[in-house]
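For reference, the structure discussed in these notes is given below.
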Amino acid sequence: MTVLSRVRARCCIPPFRLAAGLMLGLAASLALAAPAVVPTDPVTGVVGVSPRQLTPDYWVARQSEPDRVILDRAGIAAQNARMRAQDKAIHDLHALPASLQAGFVRGEIDQLSVRPQRPLYDGHGQPIDAARLDAFVANLALDRIPAQRTLQYGLVTRRAALRTFPTDTRVFSSQDDTDIDRFQESALFPGDAVAVLHESADGQWLFVASERYKAWIEKTAVATGPAEQVFGYGARGPYRVITGATAFTTYTPEQPQVSRLQLDMGVRVPLLADWPAQQAVNGQQPYTAWVVQLPIRKPDGGLDLVPALLPRTADTASDYLPLTPRNLITQAFKFLGERYGWGHSYDTRDCSGFVSEIYRSFGVLMPRNTSAQAVSPALDRIAFDQGDGAAKRLAAVRELQVGDLVYIPGHVMVTLGHDQGLTYMIHDTAGGGWAGPDGKRVSAHLNGVSVTPLEPMLASDTVTYVDRITNIQRIRPRKPE
């Protein structure tokens, strides 16, 4: 597959950019739902969304049991165990052999780093020519993969991009679209464990496997150490869990690697609870902060664990939050208005990253990408095919509950609830569209975490989001087999 075809299965693509032929084929096979005629709010400029609907309290108040526990700790542990056992998108790093065979390593890289066959452009609008593509491919160093490589483990020390190729060159499908970098896969976060499988020719990048992704990461973002140290990090409490969209450690010139370090929602860091009150941390008495432990990279690339300060004013908790309707809504709204970031670009996130980080704040493990999330056998899935008409789809939409995940090709949305005959979603979207007063499609540039009703949204001039639903996934107690 080309890079373009693969990323469309990988992450969030604006629905209106899908091929017209696919749209027409789908329209011919469905009894299409007529687009809901809903006025655009004069204040927000968005169909069916008033300012009062842009607060979490509005949606919490519409819940009959906002503090009902949807899935308790034991249920979440069982859910995560199913995910690790049943979903091929989740990787067991412990199961990797101590000695990696060349064929295995080559196969893992070949699955990801496929030479692009279609035109690509750099950030200045210049074509990526054959010579530059050759350089990207050469930096894979496939000819340097040893017959056997001793497996190394490491911890990620800072938020770092995962890339298709070992390069930070941003590439785009067109000269006028510099948001969706086709080499951007995802990101890893401080404390994430990785297995190191290979190194680039220039020595600046590592090909790593993490629990949810395999890709290239900057070498300076990984500190390697023995397996017991890597997997032992944060294995026991106490903890602080990031419950805000982001939190930042305290600035410190004494230890730059843990200064103003971004920690994203759901990241869990070990707490050094017995740290002496009078003992300074990086030049500062710690009584106004939590003393946490973070990994850093020593000059030789080895792993060290050091204290850092996480302000008590930061939005954190002593453990994962209870999975309740109130908390689901509240956590989702903490991202409201954040810029859309394809593959975790811009230090933000995309639609599937948005979903997985909301659920990570409850301790729930999710696959990284929409393509995997949508079909995960470990979740409570309702599947649709092209033969399913509007009646079946609308019936399912009416039954949606808070936190249910609705998938259309290349995109996922989180259910907020129902209001005035419409079903409302919160989602991280690069686009959006709906019918205007004249019946013609209005192409919006929401380009961030947004609230919209589901029924009026249009994927093309004639096809609604409801028509495009492929799957609904639920995280709730499993039905009896």
- Note down the relative contact order for the chain as a percent, whole number, built from C-alpha pairs under 8 angstrom at least six residues apart. 20
- Message: Could you order the peptides 397-409, 251-263 from most to least packed, using the average number of other C-beta atoms within 10 Å per residue?
- Response: 397-409, 251-263
- Where does the charge balance sit around Tyr287 when Lys and Arg score +1, Asp and Glu -1, over other residues with C-beta under 15 Å from its C-beta? 0
- Item | Net charge, Leu271 excluded, C-beta distance under 15 Å - Lys, Arg +1, Asp, Glu -1 | +2
- Task: For Lys214, go through the lysines and keep the ones whose alpha-carbon is under 16 Å away, minus same-chain ones fewer than eight residues off.
- Result: Lys88
- Task: Using R₀ = 30 Å, calculate the FRET efficiency as 1/(1 + (r/R₀)^6) where r is the Cβ-Cβ separation of Ala81 and Glu228; round to 0.05.
- Result: 0.85
- Message: Please list, in order along region 202-219, the HN-Hα scalar couplings obtained from phi with the Karplus expression 6.51 cos²θ - 1.76 cosθ + 1.60 (θ = phi - 60°), rounded to whole Hz, x for Gly and Pro.
- Response: 7, x, 9, 9, 10, 8, 10, 10, 10, 4, 10, 7, 10, 5, 8, 9, 4, 4
- Message: Under 5 Å between amide hydrogens, which residues at least 5 positions from His411 or on another chain qualify, with H placed 1.01 Å from N in the peptide plane?
- Response: Ile13
- How much of the DSSP beta bridge set in the chain is antiparallel, as a percent to the nearest 5? 95
- Placing +1 at every Lys and Arg Cβ and -1 at every Asp and Glu Cβ, with all other atoms neutral, what dipole size does the chain have around its Cα centre, in debye to the nearest 20? 580
- Modelled FRET efficiency - R0 41 Å, Arg478 with Asp129, Cβ distances, 0.05 increments: 0.20
- Note on the structure: With +1 at each Lys and Arg Cβ and -1 at each Asp and Glu Cβ, the charge dipole magnitude of region 76-176 around its Cα centre, to the nearest 20 debye, comes out at 320
- For Lys392, counting only aspartates and glutamates whose alpha-carbon sits under 13 Å away and dropping same-chain residues fewer than eight positions off, the answer is Asp467
- Message: Residue by residue through region 387-404, what is 3J(HN,Hα) from phi via Karplus (6.51 cos²θ - 1.76 cosθ + 1.60, θ = phi - 60°)? Round to whole Hz and write x for glycine and proline.
- Response: x, 7, x, 5, 4, 5, 5, 5, 4, 5, 4, 5, 8, 4, 10, 3, x, 5
- About its Cα centre, how strong a charge dipole does region 162-221 have in debye, to the nearest 20, once Lys and Arg get +1 and Asp and Glu get -1 at the Cβ? 220
- With a/c under 1.5 counting as rounded, go ahead and sort the chain into rounded, prolate or oblate using the C-alpha gyration tensor (a ≥ b ≥ c being the square roots of the eigenvalues; past the cut-off, prolate if a/b is larger than b/c, else oblate). oblate
- Express the carbon and sulfur contribution to the solvent-accessible surface of the chain as a percent, rounded to the nearest whole number, probe 1.4 angstrom. 53
- Message: I'd like the distance between the alpha-carbon centres of region 89-107 and region 158-223, rounded to an integer number of Å.
- Response: 18
- Item | Cα-based equivalent ellipsoid, region 221-365: semi-axes from gyration tensor eigenvalues, Å | 26, 18, 16
- Note on region 395-444: alpha-carbon gyration tensor, axes a ≥ b ≥ c; rule is a/c under 1.5 for rounded, else prolate if a/b larger than b/c, else oblate; result oblate
- Under 5 Å from the placed amide H of Leu120, counting only residues 5+ away or on other chains, we find Ile128
- Item | Asp419 versus Leu336: modelled label distance in nm, points set 7 Å from Cα along the beta carbon direction | 0.9
- Query: When the helix-only estimate is applied to the chain (DSSP H runs of n ≥ 4, each -39,500 (n - 2.57), divided by the residue count), what is the mean residue ellipticity at 222 nm, nearest 500 deg cm²/dmol?
  - Reply: -6000 deg cm²/dmol
- Under 13 Å Cα to Cα from Lys334, which aspartates and glutamates show up? Leave out anything in the same chain fewer than 8 places away. Asp57, Asp264, Asp315, Glu357, Asp428
- For the pair Ser64 and Phe104, how long in nm is the line joining their label points, each one 7 Å along Cα→Cβ? 5.2
- Message: For Arg212, what residues show an amide H to amide H distance below 5 Å, using hydrogens built from the backbone and excluding near sequence neighbours?
- Response: His91
- For region 389-481, one quarter of the surface area of the C-alpha convex hull, expressed in nm², comes to 6.8
- Message: Taking a virtual spin label 7 Å from the Cα of Asp438 along the C-beta vector, which residues in region 446-470 bring their backbone nitrogen under 14 Å of it?
- Response: none
- Query: Residue by residue, what Karplus-based ³J(HN,Hα) values in Hz, rounded to whole numbers, does region 250-256 have, using 6.51, -1.76 and 1.60 with θ = phi - 60° and x for Gly and Pro?
  - Reply: 5, 4, 8, x, 5, 9, x
- Among residues other than Lys219 whose Cβ falls under 11 Å from its Cβ, what is the net charge (Lys/Arg +1, Asp/Glu -1)? -2
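The values are calculated or read from the model by the stated rules, or taken from the named source; none is laboratory data. Quantities reported herein were computed from a predicted structural model and do not represent experimental measurements. Glycine also receives a Cβ, built like all others from the backbone with ideal geometry; neighbour counts cover every protein chain displayed. Protein only, heavy atoms only, side chains kept; ligands, DNA and RNA dropped before computing areas. Shrake-Rupley method; radii C 1.70, N 1.55, O 1.52, S 1.80 Å.
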